[in-house]
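Asker: Mind having a look at this structure? Questions to follow.
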Amino acid sequence: MRLLRFVARRLLQVVPVLLGVVVVTFVLVRVLPGDPIRTILGPNATDADAAAARARFGLDKPMWQQFLDYLKGLATGDFGTSIQSGTSVGSELALRVGPTLELVVLSVSLALLIAVVLGVWSARRADRFGDHSVRILALVGNSMPEFWLGLVLILVGYSALGWFPAPSGRVDPDTNLTPLTGADLLDAILTGNGPAFTSALSHLALPVATLAIVVVAPLLRSVRASALEVLRSEAYLAATTHGLRPRTLLRGYLLRPTLVRLPALAALVFGTAIGSTVLIEYVYSWQGFGQWALRGLLYRDYPVVQASVLLIALGYVIVFLIADVVHAVLDPRVRI
Amino acid sequence: MAEVRVEAGARSFSRVLILTGAAILVVVALAALAAPLLSSWGPEEIDANATLAGPGGAHLLGTDTNGMDVWSRLLYAARLDLGVAVSAVALAVVVGTALGLLAGYLGGWLDDVLMRIVDIFQAFPTFILALAVAALLGNGTVNLVITIAAVNAPAYARLVRAEVRSIRELPFVDASITSGASTVGVLWRHVLPNSLTPVRVIAPLNCGWAMLTLAGLSFLGLGVTVPGAEWGAMISLGSPDVVAGRWWTSVPPGLALLVCVLGFSLLGEGLQERADARRRS
Amino acid sequence: MTHLLSIEDLSVLIRRPGRDVAALSGVDLHVDAGEVVGLVGESGGGKSMVARAIVALLPGGARTRGAVRFEGADVLAMDEAALATHRGHGAALCFQNPRGALSPTRTVGRQLTDRLTTHQRMDKAAARETARQLFEAVGIRNPARRLDAYPHELSGGMAQRVMISLATGCAPGLLIADEPTTGLDVTLTREILRQFRHAADTDGRGVLLISHDLASIASVCDRVVVLYAGTVVESGPVAKVLREPAHPYTRALLASVPDVSGRPARAIGGAMPLLPSPPAACPFAPRCAHATERCTAQRPPLTGDGWAYACFHPQTGGGAAAPGAPPPPPRGGAGRGGVGGVGADALPRPGGAPACPPPPPGAAPAAPVTAPPPQRTAAGRVVMEIEDAHVVYGSRFGSGGHHALRGVSLEIRAGETVGVVGESGCGKSTLARLMLGLTAPSSGTVRLDGIDLHAQRGRKLRRLRTRARLVFQDPVGSLSPRRTVADAIGEPLRALGVPAAERAERVAQVLARMNLDPAMLRRHPHELSGGQAQRVGIARALVGDPDLIVFDEPTSALDVTVQAQILDVIAELAGDASRGSVFISHDLATVRGFCDRVVVLYLGRIVEQGPVEEVFGNPRHPYTRALLSSAPSLDGGYTGARVELAKDLEEADAATGCPLAARCPFATDECRAEPQHLTPYGAAEAACWRVPQIPALIREGAHTRA
């Protein structure tokens, strides 16, 4: 019950931020230089063509009128029509979000697992060779340009070794996968399509590896630092000097206090991962949300930009909310 | 005589980190400055006889699709990448610190307004934000500096504000107030110098991140565009060659970027470690 | 006969790059089952190192020599498996800071059952029941409910009780307590210490009680061991070591603590050194008045059986209030001039010899800090006037908030020193902040030099503020980490617009007055010892010639002998007729030393106030009586009728009537319903309507109990 109230209160607090996001993107995208109609129609279009196109998308109305129309649409779940493709933004979104979410969730989960295991291992060997190696590796990961790492993995995994499929598409079209959620791996499981599962997995392997390597570094550093703090704390010292068994120490006195600070960071890293997918999708020609949003941005496709910005902000806020709830569950000191 | 293993490793390791990081950065900076001496080709000079020539011969690291010398561009790009990253972070630190200091110390409506703005900024992953700002502002070195600074400044503002709010409660601030010092005096002489500690550690790490952002933007065509010499743009130009197995157009600039960012990361990590060790003792 | 624990010639050398520290040098001590041994000395003396050595938990870079034998086996030579049983089941440690030593994300019940299942091989159900019993045994109310509490939900006293139950839950042969009562109020301290006596008497455990506070542990220990600079200087039965100490350091340590009975503190110069290598001479010789060439040439061995001391010139006669000591000279007299030494804090004093020579032969090493204050009938003008001040710290959201002061009226005149005492949370520090204008009253007025402090703004306010100064509890923390000492002291002058040259001159003057080396001006706070930093803090308070100085627990963060030095400095300043002083302390004994008037605060209200001799000699309010009764003392302390409060402060809440009603043994329904106001009783005032009946009530109570 308290939890529900907390979630409700937090969602209410989020409303002004989201409203701010809506206003700012709406205004900025129109005020700053760049014109979607001209970009799309090309240099040969006449002024009359442009005016007609403008009228079709309602861009001839005063800005406040456009804003009201936009808000009205939002209230009914209508994100508008893409200037570039002429199709509904909502239906395009539905196709694009699933694959990207699958990519990000898989990568971040993998990174979290590696970070916790390696981070705690490293902290328990603080300032020995193993610890130093892990830290250097984490720093290298932290300094890695993800798009370049993607290229290198393609170079090795596809061009040189041929273990993985060419970086184009998310699943082999021959497998006749019926899209349900857009997340291919999930769809393959839901429809019981074995070949599609294998194909989706092999297409996912390199992008997930790329993203996981990039996001594991900050998580690993944080887990190590946090575990080290616990190991050096008086509380852990007290448990040690009272001769508790290693297993009790690890489970009861090291892991939980170490993981307390992880949710907030995981949420942050989730955001980083969303940013990185734009680059990684580009490298792997992965038709996902990032590619779509990027193209919208480049063409100044107003409805697409507004929808993607709002969606990212909303997603980010929800991820942080989840992180806060998990934190509260892990840490008895947090009151919600 | 029984002996307990010495934990002195921590101190010397932080020194190794700092020195290695600094050494990398010095070497990169020197190479950037000495680019004309280290290469006989100009960064945008086209060798029409050799497009996509492999490494060796007249071109140390080969040429790209346009017939430009990869090694030469690699060196000149260091100037741009280092310059943009460092100046963007410097700008972000100055602006963010000033805002955080005011918001944290004065509180009230100023704090509320500033922090709501920061909230909006932080409702986005930073790279997405950079992408959006860069797309809206358009190309150009100055615009890139502004973009990267704008995206980072809110984090500094929040960091410094939090620091200021805890410092404000410390006895030495009370001591200064009861000494009759003015608000400006307290801020300038006591609060500011003590609130910069975390900034000093984060700034180098942030420089590395700024370089990655710059390169990422250029890779997507939103930053520096070819023929401008920038590592991300070079990788982007070379990326189609990768599928064909031609590594020299994209692997070397990426490696250069990695090493340079690693320099910043090592420096930052070393400083962090040293700060932690100080706090413990 | 083998002892339960016997430490034989233990030396610990900590090797760190750039600085070696001989933490322990040839320490010998033993503890038997069923006895409580006190390990005392100032910080840096090696007390905690002994505790860590017993559980083989030495810091990185430690080299050891000698042996720590527990039931005959050398702990330092144990392998991991042997250590696992020794730690906890052999010797269990109670940590100094119980909140920090409890794991924050596990219920305290689970933490206790973890110990029970590990060391007593219980199953879960049995462990939980035993845990409940253990909680009850250490005095935790509602033990079954508390089992499911997390550490952050516990008060400090409760956390310390849990810590003790955790240690005893390991069923150890030896219980080690590292400063178990630091930060606890006097009433709680006694209760906690009783638990250790109980562990020795009832469960037959050996107990090693580590403390810097001799007076508190004196009552529960069988024997004491005194450490100085990593060496045992004296050890033996409490009756010998604390009553007729032989070693000059033990004597100095005892004399440094003022007593509630009115015996003032005597300071010795210098501070304990951190030795880079085991000492070849007596480590105390540089500070010792009895030192001869022999003392600086060779190290005195620890000799004696039962009662042993490491000294070539052992002293005889009474301890703290030695009859042979010179009579206290008048206040501000020259008797203080001869105190000198070689330690970090020892610097030239005005009118005294220049720095560092051995003390002149005539001067006693322990000059009295304070004498009973002369009765001043007519004090000077009023410098601080507080009228019916309330302070409510509101929480930022929602209602409620913390009512820190509830209607306090107070007047301070030039030339007088007012002591403010009370337990933590009584509003002492809020009162200090109020007088300095750092906290605004929710209602009521605060006038400094007749001007309403909280009605001023801007430059006027800043000028007025320099008329009142605060000396902080945390000496190092009150100095800006990145500013030099010269900057810190000169700040009030800078605010007044004093030109740089004059500023430097006045800073130098006040520094000399504090007996600080001029070279110190360029140092930063972290380079100062606690005593030096507090002298700098006092210098800063003094430099602008203020009308009021508020000392907010100025010595509570310092070591005992340094405390006495600082009290010495403050006593001298307090005698100045041009200025009023307020001395805030939880320690009644220090207040008695040199205050003219005392104010007793309880939960934001003044419950009793009056002349110092009157309040201490003839307390009226039950709370004042209880405070005096529980004050630790070596000299017999408070001699009046004792009063004990029913509950810990943390558990009592102030309802409508008398704030003490929930804890007061004499409370009636009228007390619980009617708020109490200060009423004159003789020379003092107390806020309790039953004052006239209390002596009779106490007699009755004693009668019925008997």
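Asker: Quick check on B:Leu110: is it over 30 Å from B:Ala229 (Cα atoms), touching a Leu at 6+ places or on another chain (Cβ under 8 Å) and open to solvent by 40 Å² or more (accessible area, probe 1.4 Å)?
Answerer: For B:Leu110, the condition - over 30 Å from B:Ala229 (Cα atoms), touching a Leu at 6+ places or on another chain (Cβ under 8 Å) and open to solvent by 40 Å² or more (accessible area, probe 1.4 Å) - is met.
Asker: Tell me, yes or no, whether region C:60-67 has at least one residue that is under 22 Å from C:Ile192 (Cβ atoms) and open to solvent by less than 30 Å² (accessible area, probe 1.4 Å).
Answerer: Among the residues of region C:60-67, not one is under 22 Å from C:Ile192 (Cβ atoms) and open to solvent by less than 30 Å² (accessible area, probe 1.4 Å), which makes the answer no.
Asker: Can you name the residue in region C:434-475 that is open to solvent by 60 Å² or more (accessible area, probe 1.4 Å), part of a helix (DSSP H, G or I) and without any contact (Cβ under 8 Å) to a residue 24 or more places away in the chain and is also nearest to the other protein chains (Cβ to nearest Cβ) among such residues?
Answerer: In this case the residue turns out to be C:Arg459.
Asker: In addition: Scan region A:230-253 and tell me whether some residue there is more than 13 Å from chain B (Cβ to nearest Cβ) and under 26 Å from B:Thr213 (Cα atoms).
Answerer: no
Asker: Still on this structure, please answer the following. Only one residue in C:Glu136, C:Glu80, C:Glu129 is within 11 Å of chain A (Cβ to nearest Cβ) and free of Cβ contacts under 8 Å to residues at least 24 places away in the same chain, so which one is that?
Answerer: Step by step, each of C:Glu136, C:Glu80, C:Glu129 is checked, and only C:Glu80 is within 11 Å of chain A (Cβ to nearest Cβ) and free of Cβ contacts under 8 Å to residues at least 24 places away in the same chain.
Asker: Continuing with this model, one more query. May I ask you to list pairs of residues, at least six apart or on different chains, whose Cβ atoms are under 7 Å apart, with the first in region C:298-317 being at positive phi and the second being open to solvent by 60 Å² or more (accessible area, probe 1.4 Å)?
Answerer: Partner pairs satisfying both residue conditions: C:Gly317/C:Glu244; C:Gly317/C:Pro323; C:Gly317/C:Gly324.
Asker: Here's a follow-up. Quick one: would you say C:Arg106 is surrounded by 23 or more Cβ atoms within 10 Å (Cβ to Cβ) and over 28 Å from C:Leu627 (Cα atoms)?
Answerer: no
Asker: Another question, if that's okay. Just the residues that are part of a loop (DSSP other than H, G, I, E, B), within 14 Å of chain C (Cβ to nearest Cβ) and of a type outside the set (Val, Ile, Thr), please, taken from region A:295-336.
Answerer: A:Asp331, A:Pro332, A:Arg333, A:Arg335 - these are the residues of region A:295-336 that are part of a loop (DSSP other than H, G, I, E, B), within 14 Å of chain C (Cβ to nearest Cβ) and of a type outside the set (Val, Ile, Thr).
Asker: From the residues in region A:267-283 that are open to solvent by 10 Å² or more (accessible area, probe 1.4 Å) and within 8 Å of the chain's Cα centre (by Cα), which one is farthest from A:Gly182 (Cα to Cα)?
Answerer: Residue satisfying both the conditions and the ranking: A:Thr272.
Asker: Now, a different point. Return a yes/no flag: does region C:247-255 have any residue that is in contact (Cβ under 8 Å) with a residue 40 or more places away in the chain, over 20 Å from C:Pro300 (Cα atoms) and open to solvent by 10 Å² or more (accessible area, probe 1.4 Å).
Answerer: no
Asker: Next question, about the same structure. Report the residue count in region B:241-255 for those that are facing chain A (nearest Cβ under 10 Å) and either among the aromatic types (Phe, Trp, Tyr) or open to solvent by 20 Å² or more (accessible area, probe 1.4 Å) (or both).
Answerer: The number of residues fulfilling the criteria is 7.
Asker: From B:Ser176, B:Ser166, B:Ser195, B:Ser218, grab the single residue that is more than 10 Å from chain C (Cβ to nearest Cβ), closer than 21 Å to C:Ser478 by Cα and open to solvent by less than 20 Å² (accessible area, probe 1.4 Å).
Answerer: Only one candidate passes the filter, namely B:Ser195.
Asker: Could you check how many residues of region B:113-137 are open to solvent by 30 Å² or more (accessible area, probe 1.4 Å), of a type in the set (A, V, I, L, M, F, W, C), in contact with a Ser or Thr (Cβ under 9 Å, 6 or more places away or on another chain) and at the interface with chain A (Cβ under 8 Å from one of its Cβ atoms)?
Answerer: Qualifying residue count, region B:113-137: 1.
Asker: Next up: I want to confirm something. Restricting to region A:150-182 and keeping residues that are over 30 Å from B:Pro253 (Cα atoms) and hydroxyl-bearing (Ser, Thr, Tyr), which single residue is least open to solvent (accessible area, probe 1.4 Å)?
Answerer: From region A:150-182, those over 30 Å from B:Pro253 (Cα atoms) are A:171-182; that's our starting set.
Cutting the leftovers down to hydroxyl-bearing (Ser, Thr, Tyr) gives us A:175, A:178, A:181.
Numbers: A:Thr175: 26, A:Thr178: 78, A:Thr181: 59 Å².
By that ranking, first place goes to A:Thr175.
Asker: Among the residues in region A:179-186, are any closer than 28 Å to B:Val243 by Cα and either within 14 Å of chain B (Cβ to nearest Cβ) or not in a loop (DSSP other than H, G, I, E, B) (or both)?
Answerer: Looking through region A:179-186, at least one residue is closer than 28 Å to B:Val243 by Cα and either within 14 Å of chain B (Cβ to nearest Cβ) or not in a loop (DSSP other than H, G, I, E, B) (or both).
Asker: I'd like to verify a number: residues in region A:41-81 that are open to solvent by 60 Å² or more (accessible area, probe 1.4 Å), among the aliphatic types (A, V, I, L, M) and modelled with pLDDT under 80, how many?
Answerer: So the answer is 1.
Asker: Just checking: which of the strands (runs of 3 or more DSSP E) contained wholly in region C:28-119 hold 2 or more residues that are within 32 Å of the chain's Cα centre (by Cα) and more than 29 Å from C:Pro300 (Cα to Cα)?
Answerer: Passing ranges, in order: C:91-94.
Asker: Could you identify the single residue in A:Trp286, A:Trp292 that is among the hydrophobic types (A, V, I, L, M, F, W, C), under 15 Å from the mean Cα position of the chain (by Cα) and not in a helix (DSSP H, G or I)?
Answerer: Just a single option satisfies the conditions, and that option is A:Trp286.
Asker: Still on this structure, I have one more. Report the residue count in region B:163-211 for those that are closer than 30 Å to C:Arg469 by Cβ and not acidic (Asp, Glu).
Answerer: 32
Asker: Sticking with this one: Every residue in region C:91-106 that is within 8 Å of chain A (Cβ to nearest Cβ) and of a type outside the set (D, E, K, R), please.
Answerer: C:Ala92, C:Leu93, C:Phe95, C:Asn97, C:Gly100, C:Ala101, C:Leu102, C:Ser103, C:Pro104, C:Thr105
Asker: Find the residue count for region B:212-252, including only residues that are without any contact (Cβ under 8 Å) to a residue 60 or more places away in the chain and in a loop (DSSP other than H, G, I, E, B).
Answerer: Matching residues across region B:212-252 total 5.
Asker: Among the candidates A:Pro99, A:Pro145, single out the residue that is within 14 Å of chain B (Cβ to nearest Cβ), open to solvent by less than 20 Å² (accessible area, probe 1.4 Å) and under 30 Å from A:Pro218 (Cβ atoms).
Answerer: After applying the criteria, what remains is A:Pro145.
Asker: Answer yes if at least one residue in region C:155-176 is modelled with pLDDT under 85 and either within 14 Å of chain A (Cβ to nearest Cβ) or open to solvent by 50 Å² or more (accessible area, probe 1.4 Å) (or both), and no otherwise. First the steps, then the outcome.
Answerer: Restricting attention to region C:155-176, the residues satisfying the condition of being modelled with pLDDT under 85 are C:155-157.
From what is left, the residues that are either within 14 Å of chain A (Cβ to nearest Cβ) or open to solvent by 50 Å² or more (accessible area, probe 1.4 Å) (or both) are none.
No; the residues of region C:155-176 include none that is modelled with pLDDT under 85 and either within 14 Å of chain A (Cβ to nearest Cβ) or open to solvent by 50 Å² or more (accessible area, probe 1.4 Å) (or both).
Asker: Another one. Mind checking whether some residue in region A:125-134 is crowded, with 22+ Cβ neighbours inside 10 Å, of a type in the set (A, V, I, L, M) and modelled with pLDDT of 90 or more?
Answerer: No, that holds for no residue.
The values are calculated or read from the model by the stated rules, or taken from the named source; none is laboratory data. Since we're looking at a predicted model, the values are computed, not measured. Here Cβ is always computed from backbone atoms with ideal geometry, including for glycine, and neighbour counts include all displayed protein chains. These area figures cover heavy atoms from the full protein model, side chains too; ligands, DNA and RNA do not enter into them. Shrake-Rupley method; radii C 1.70, N 1.55, O 1.52, S 1.80 Å.
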